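Trainee: Here it is, the structure, as structure tokens.
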Amino acid sequence: MRFFLIFLFVFSFLKADILKDFFEKKYNNLCTYQNIQKYKDENILSLIGFSCVKLDKIYLLPFITNKLKKTDIGRKNSIYFSTIYLQKKLLMAYFFDNYSLDGFSFPKSDYILSVIFDKIKHHKYEKIGNIYIIDNGDIIYNIFKKEDKIVIDEIKGGKVIKKHWFR
């Protein structure tokens, strides 16, 4: 019985630590392959997945989606993570191989790849040289290829406020 209580205490401490890191936006502490392998709890894995999305570490999402299958919320989060991952893969094929996005439909989200995917699919961009420019209201996205990556500059008020790299 004593071992069980110690186990519960340690388990709740670990959960509290993960929640604390997530709410303090310490996403780098959470989004690691080691954490994905270490945890089985779908709530924790979902927090790890959202942390990976915040860090644009999309390549880790398939390792998480494979584990999110036992709960309703886990399956829903798996759909969200899978959608983002597939949108990234399709955008890579579009930019590097001129692959058509016309036949694909996904749930929309406010994540940058979802926004870019939707605009590219519906041909709502301007292309100047090798740069695709998407006007999304108060933010403009400049998208271009660099080596084996897609780079997305988020521009607001004429200044780059965030740079995303996807490979």
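The values are calculated or read from the model by the stated rules, or taken from the named source; none is laboratory data. Remember, predicted model here, so these are calculated numbers, not experimental data. No Cβ is skipped: glycine too gets one built from the backbone with ideal geometry, and neighbour counts run over all protein chains shown.
Trainee: Considering only region 137-151, I want to know if a residue exists there that is part of a helix (DSSP H, G or I) and modelled with pLDDT of 95 or more.
Mentor: Residues of region 137-151 part of a helix (DSSP H, G or I): none.
No, there is no match, as no residue in region 137-151 is part of a helix (DSSP H, G or I) and modelled with pLDDT of 95 or more.
Trainee: Go through region 60-73 and count every residue that is touching a Phe, Trp or Tyr at 6+ places or on another chain (Cβ under 8 Å) and in a helix (DSSP H, G or I).
Mentor: Selection size over region 60-73: 6.
Trainee: I need every pair where a residue in region 143-158 that is farther than 11 Å from PHE95 by Cβ and touching a residue at least 24 places away in the same chain (Cβ under 8 Å) has its Cβ under 6 Å from the Cβ of a residue that is among the charged types (D, E, K, R) and part of a strand (DSSP E or B), sequence separation at least 6 or different chains.
Mentor: GLU154/LYS162
Trainee: Quick test for you: out of LYS89, LYS108, LYS76, LYS127, pick the one residue that is assigned to a loop (DSSP other than H, G, I, E, B) and without any contact (Cβ under 8 Å) to a residue 12 or more places away in the chain.
Mentor: Working: LYS89 fails: assigned to a loop (DSSP other than H, G, I, E, B); LYS76 fails: assigned to a loop (DSSP other than H, G, I, E, B); LYS127 fails: assigned to a loop (DSSP other than H, G, I, E, B).
Checking each option against the conditions leaves just LYS108.
Trainee: Now for a separate question. Would you say LEU68 is touching a residue at least 24 places away in the same chain (Cβ under 8 Å) and closer than 21 Å to PHE106 by Cα? Show your work before the answer.
Mentor: Numbers: touching a residue at least 24 places away in the same chain (Cβ under 8 Å): yes; closer than 21 Å to PHE106 by Cα: yes.
So LEU68 passes the test.
Trainee: Among the candidates TYR141, TYR85, TYR111, which residue alone is over 21 Å from PHE50 (Cα atoms) and surrounded by 15 or more Cβ atoms within 10 Å (Cβ to Cβ)?
Mentor: Numbers: TYR85 fails: over 21 Å from PHE50 (Cα atoms); TYR111 fails: over 21 Å from PHE50 (Cα atoms).
On inspection, the qualifying residue turns out to be TYR141.
Trainee: Considering (1) closer than 20 Å to PHE106 by Cβ; (2) in contact (Cβ under 8 Å) with a residue 24 or more places away in the chain, say which one LEU45 fails and leave the rest.
Mentor: (1)
Trainee: Could you tell me whether any residue of region 16-33 is touching a Ser or Thr at 6+ places or on another chain (Cβ under 9 Å) and among the aromatic types (Phe, Trp, Tyr)?
Mentor: yes
Trainee: If you take the residues in region 41-59 that are of a type in the set (Asp, Glu) and part of a loop (DSSP other than H, G, I, E, B), which one is nearest to the chain's Cα centre (by Cα)?
Mentor: By that ranking, first place goes to ASP56.
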